[in-house]
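Undergrad: The structure that follows is given in the form of structure tokens.
The values are calculated or read from the model by the stated rules, or taken from the named source; none is laboratory data. Computed from a prediction, not measured in an experiment: that's the story for all the values here. FYI the Cβ positions are ideal-geometry reconstructions off the backbone, even for glycines, and counts take in every protein chain you see. All accessible areas refer to the heavy atoms of the entire protein, side chains included, with ligands and DNA or RNA removed. Shrake-Rupley method; radii C 1.70, N 1.55, O 1.52, S 1.80 Å.
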Amino acid sequence: MRDHYDFSNGIKNPYADKLKKQITIRLDDQVIDYFKNMAEETGMPYQNIINYYLLECVKEKKRLELVFK
């Protein structure tokens, strides 16, 4: 390995803005169990499945409707 690397001619990753961000989110056990079961059925990580569901909400501009009794 070199002692010094020159990145002055490097280019920015064009996909850097599309990278996922790690956050902390509180979910009910019931929600986590649901997606973990789906993950076992599909072979996909449950976090990815949750992300796809949320992306669908974004694309369809779904809005939450709360009704209190």
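Undergrad: Among the residues of the stretch 15-30, write down those that are open to solvent by 90 Å² or more (accessible area, probe 1.4 Å) and modelled with pLDDT of 90 or more. Full working, then the answer.
TA: Keep residues of the stretch 15-30 that are open to solvent by 90 Å² or more (accessible area, probe 1.4 Å), which gives 15, 17-26, 28-30.
Ile23, Thr24, Ile25, Arg26, Asp28, Asp29, Gln30 - these are the residues of the stretch 15-30 that are open to solvent by 90 Å² or more (accessible area, probe 1.4 Å) and modelled with pLDDT of 90 or more.
Undergrad: Of (1) in contact (Cβ under 8 Å) with a residue 24 or more places away in the chain; (2) more than 17 Å from the chain's Cα centre (by Cα), Asn51 satisfies all except one. Which?
TA: (2)
Undergrad: Please specify each residue of the stretch 31-69 satisfying the condition of being of a type in the set (Phe, Trp, Tyr) and either open to solvent by less than 100 Å² (accessible area, probe 1.4 Å) or assigned to a loop (DSSP other than H, G, I, E, B) (or both). Spell out how you get there, then give the answer.
TA: Our first condition is that a residue be of a type in the set (Phe, Trp, Tyr); within the stretch 31-69, this holds for 34-35, 46, 52-53, 68.
Those that are of a type in the set (Phe, Trp, Tyr) and either open to solvent by less than 100 Å² (accessible area, probe 1.4 Å) or assigned to a loop (DSSP other than H, G, I, E, B) (or both): Phe35, Tyr46, Phe68.
Undergrad: Does Lys12 meet the test of being part of a loop (DSSP other than H, G, I, E, B) and at pLDDT 95 or above?
TA: Working: part of a loop (DSSP other than H, G, I, E, B): yes; at pLDDT 95 or above: no.
Answer is no for this residue.
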